[in-house]
Amino acid sequence: MRSDDTISVKHHRANAHAYSCVEIGREVHMDSGSWKDRVFSFPAVLSNVEPDFDFGGKAPLTLQLTNSTGSWNAATWLSITDIGTDEMVRVGRATIVDVRGDSANEPLVLTHWRADDQRLVFDLIPNEFCPIAGVVSQVRELVCSIGSDALREFMASVFMIPSVFRHFWTAPASRAHHHAYVGGLAEHSLEVAVLADVARQVESWQRDLLVAYALLHDVGKVWAYKNGELTGEARRYGHEQLGYRRLCSCLDTLCAVDPNLGDLMTGLLSCAWKRDYRHQVATLGGIVRAMDRFSAARFMECASRRSACESDHHSFDDATW
Ligand SMILES: [Fe+2]
């Protein structure tokens, strides 16, 4: 088994990345010499771990492997303790066998998993996770530009929460107001972060907090909608408190690593700064709030201008008709 073999299964994008040099999907003949050509090792995010109840005998686990070139279904006979629970997605190095050379239709078989705590999840999120071009890569760049190791790792831990990992990129930012479409939450959050990032006269640690909070200020919306309606939890707590509650364990870890930074981030995400104008992060919170309002207002203005143009156009069509 070659531990440094690499894989690119989706879209046949050979050589797109250092770990994408083999095209799968080509015809592979089942002779005894071909097995070693179907074993690959590559960095990946491991998610969606579930037992396969349909399988007879000792049930394998089904799971998903994702890296910047795509996502693949896989099955494994490794135990759940070997690969961890599904409370958080995992980042590590997967060794797989592509049994039939048809990864689009057949699950890969995961034979070995090694966790890699040094690699940030953002390196492995495919750009295609968000339907709006450039959003994933720009969020990745912003997070990588955060100077504090502890805050960067906090951001990575938030995006390792399964719902955030997958749905942050596709959730809407509202039901029927601003950015109310697939990918709207990520696009709006990115816009607020970019606007907050250009705020003048802040120190570098404050800039880091601004970017992190701006990206996460609406993260609760990941859990706020179901079938186009507000969930009961969202109605009860509001999206801000909903997000804060879901991020508590990540905040606890940040507090353990850097108590001061943890307190400041907790003050922002809990919205304690909204209840006390003298709070030490009230100014930073106010900047993000201003950019949030600007982003929403700009969107609505553009939308109303667009619909005015369309109705003018229709009137013209009617007149000429
Ligand atoms: Fe917002």
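Laboratory data are not the source of any read-out in this text; all were calculated from the coordinates shown. Remember, predicted model here, so these are calculated numbers, not experimental data. FYI the Cβ positions are ideal-geometry reconstructions off the backbone, even for glycines, and counts take in every protein chain you see.
Maximal additional length on extending the D117-H177 stretch stands at 17.7 nm, based on 0.36 nm per residue less the C-alpha distance. Expressed as a fraction of 2.2 N^0.38 Å, the C-alpha radius of gyration for region 125-306 is 0.97. What the phi angles of region 60-73 give under the Karplus curve with 6.51, -1.76 and 1.60, with θ = phi - 60°, is a coupling list of x, 9, 9, 7, 10, 10, 9, 9, 5, 9, x, 10, 9, 7 Hz, glycine and proline written as x.
Converting phi to 3J(HN,Hα) with the Karplus coefficients 6.51, -1.76 and 1.60 and the offset θ = phi - 60°, region 167-172 yields 9, 4, 7, 10, 5, x Hz in sequence order, with x at every glycine or proline. Taking other C-beta atoms within 10 angstrom as a stand-in for reagent exposure, F154, F122 fall in the order F122, F154, fewest first.
Based on every Cα atom in region 158-214, Rg and the maximum pairwise Cα distance Dmax equal 13.1, 37 Å.
Rounded, prolate or oblate: which fits region 216-294, taking a ≥ b ≥ c as square roots of the Cα gyration tensor eigenvalues, rounded meaning a/c under 1.5, else prolate when a/b beats b/c? Write down the numbers at each step before the final one.
On the way: a/c = 2.36, a/b = 1.37, b/c = 1.72.
Judged from the Cα gyration tensor, region 216-294 comes out oblate (a/c at least 1.5, b/c at or above a/b).
By the count of other C-beta atoms within 10 Å, a proxy for reagent exposure, T69, T95, T231, T81 are ordered fewest to most as T81, T231, T95, T69. Around the amide H of T170, modelled in the peptide plane, lie the amide H atoms of G183, all under 5 Å away and 5 or more residues distant in sequence or on another chain.
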